[in-house]
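*Asks:* Here you go, one structure.
The values are calculated or read from the model by the stated rules, or taken from the named source; none is laboratory data. What you are looking at is a predicted structure, and each value in this text was computed from that prediction instead of being measured. Neighbour counts are summed over all protein chains in view; Cβ atoms, including those assigned to glycine, are modelled from backbone coordinates with ideal geometry.
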């Protein structure tokens, strides 16, 4: 364990130094752990398709990315508030490392199967859910509530950068060598993440650790989420956001082909993914400034509101360059709404409830993504791509209206 139980430093300089050091270790751990998982998101479907030749199984492999959060999110968040968070993060990393390293070993021995790959994908992403629950629970301990806006800006900047870089690395490695090699790299990232967590000196556990039965612990977290009006409304609004964004992202390639004449193998498809990443990075840069300017509550309402004209531009733009610019702005508003919602939730939640409230809220919000993706595909075939994109505006517009009319817009917190 760290030495968080010792007295606070006498002067602010050692405190800033420790915060800076431990925060760097925290960010490094989560970024590199996320990078390993992002790489798997590319490699696992490739391996499944290579092994089976089945489009259905390949799609199932991709769906496994969100399934563990929906299955285990409540339990992971509750457990993270009851046990040693540092130990849970390290154990999660080591379980994920052991699982993914089995893939290159099986490939070298000629025993790799589709079932093996699917099981590894499920185990690795499940481990990341438990890691994430503990990690978000520890952030307030590491940085303090007054630094959360700045900290989240840095965290998401690094996370998005890793999300851009690692899939590209995975693609290059998979094309240059057997795709079974890449999971070994992910295994190394998980091991390094565990080492970084062990080096953090701050005590990562709440002062008052939850001791009721697990079911009661889960209910306590959900009860706090529901009775805290601001968290409840932003969480429910986020369901509308993920419902819409799931549909929009799910049919992006179809939109490019049918509305803009850009085939799936056209080089410009890559530009849209890159533009989305640029928009997401811009959101992390804008977060501290916009929070100071508007306050966390108004920023939530503003981000949801700006999402609407940005998506309208994506749907109606007649030229691909105009659509590309609108796509970057749309991605920026979407990311700004998500990251600000996370920060708002962290600032309002007591330290001993951080794990379960954050994970429960994310689990509820993420539920809209697969539903939106499925509905988007069905609607695109029945009423057309552009009409589907216009329908996707509705849940976010309603959510924005609720946020503007509620007490959320009056919420201002430390920046």
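*Asks:* Can you say whether residue 140 is assigned by TED's automatic domain parsing to the domain that holds residue 43, within 21 Å of the chain's Cα centre (by Cα), modelled with pLDDT under 85 and surrounded by fewer than 23 Cβ atoms within 10 Å (Cβ to Cβ), as far as the supplied structure shows?
*Replies:* The answer is yes for residue 140.
*Asks:* Test residue 88 against the criterion of being modelled with pLDDT of 85 or more, over 22 Å from residue 363 (Cβ atoms) and in a helix (DSSP H, G or I), and give yes or no.
*Replies:* No.
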